[in-house]
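Note sheet for the following structure.
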Amino acid sequence: MADLEGVIEDENVVLYPIFLDLSGRRCVVVGGGEVANRKARKLLQARARVVVISPEIGVELESVAVEVHRRPYREGDLEGAYLAFAATDSREANAAVAREAKERGIPVNVADSPSDGDFALPATLRRGGLQVAVSTGGASPTLARKIKDELEGVFGPEWACLVRELGKNRRNGEESDERLEGEVSRCLSRLSG
């Protein structure tokens, strides 16, 4: 794997968007605060096997993890991990997590220094099977969240039903009917105001 240091902060780099199936995969979150909590909750939604490592872990964070280690990160904690997340309040600990992940070939997200990591996490809007991801490549998670919040009004709960019906038609080898296509067009027309 090529050295990706600085890649996320380089404005000429385009991150490759991808949706991963994390079902049953070991994902290690190092950190016990709110940032770690948000990452762990999203991993749980993706059905990952969430492992949390931190001396202090909140009740909510502990409730989403399948494995909890109430101690500081140690070399070797990433063994068997599919993804790693460095989300402590310690620059040194986050750098150590990133170093081990790179040595083991494990993609890592580093909360306090995106350029030390391999991927950025988008702000995600979900309506059933529909997922809309917004990313600034780590430059401004706040901006990505604001854009996602604006899109929530456009992509209402009815999208979950539309996607479910479209999926059913596709599985059955059927074309979408005029009623369904009309509903999609009506919903999409909201995007242009």
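The values are calculated or read from the model by the stated rules, or taken from the named source; none is laboratory data. It should be emphasised that the depicted structure is a prediction, and the values quoted were computed from it without experimental measurement. We place every Cβ from the backbone using ideal geometry, glycine too, and count neighbours over all the protein chains shown. We work out accessible area using only protein heavy atoms, side chains counted, and drop any ligands, DNA or RNA first. Shrake-Rupley method; radii C 1.70, N 1.55, O 1.52, S 1.80 Å.
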Positions within the stretch 91-108 being open to solvent by less than 10 Å² (accessible area, probe 1.4 Å), in contact (Cβ under 8 Å) with a residue 40 or more places away in the chain and not hydrophobic (A, V, I, L, M, F, W, C), in sequence order:
ASN94
Quick check on my filter: what residues within the stretch 104-137 are part of a helix (DSSP H, G or I) and closer than 24 Å to GLY24 by Cβ?
ARG104
Pick from the stretch 78-118, criterion among the polar types (S, T, N, Q) and closer than 18 Å to GLU34 by Cβ, ranking: nearest to the chain's Cα centre (by Cα):
ASN109
Applying the selection to the stretch 1-40, what residues are at pLDDT 95 or above and β-branched (Val, Ile, Thr)?
VAL28, VAL29, VAL30
Just a yes or no: is a residue in the stretch 165-176 of a type in the set (A, V, I, L, M, F, W, C) and modelled with pLDDT of 90 or more?
no
Can you tell me which residues in the stretch 103-116 are more than 14 Å from TYR16 (Cβ to Cβ) and in contact with a strand residue (DSSP E or B) (Cβ under 7 Å, 6 or more places away or on another chain)?
ILE106, VAL108, ASN109, VAL110, ALA111, ASP116
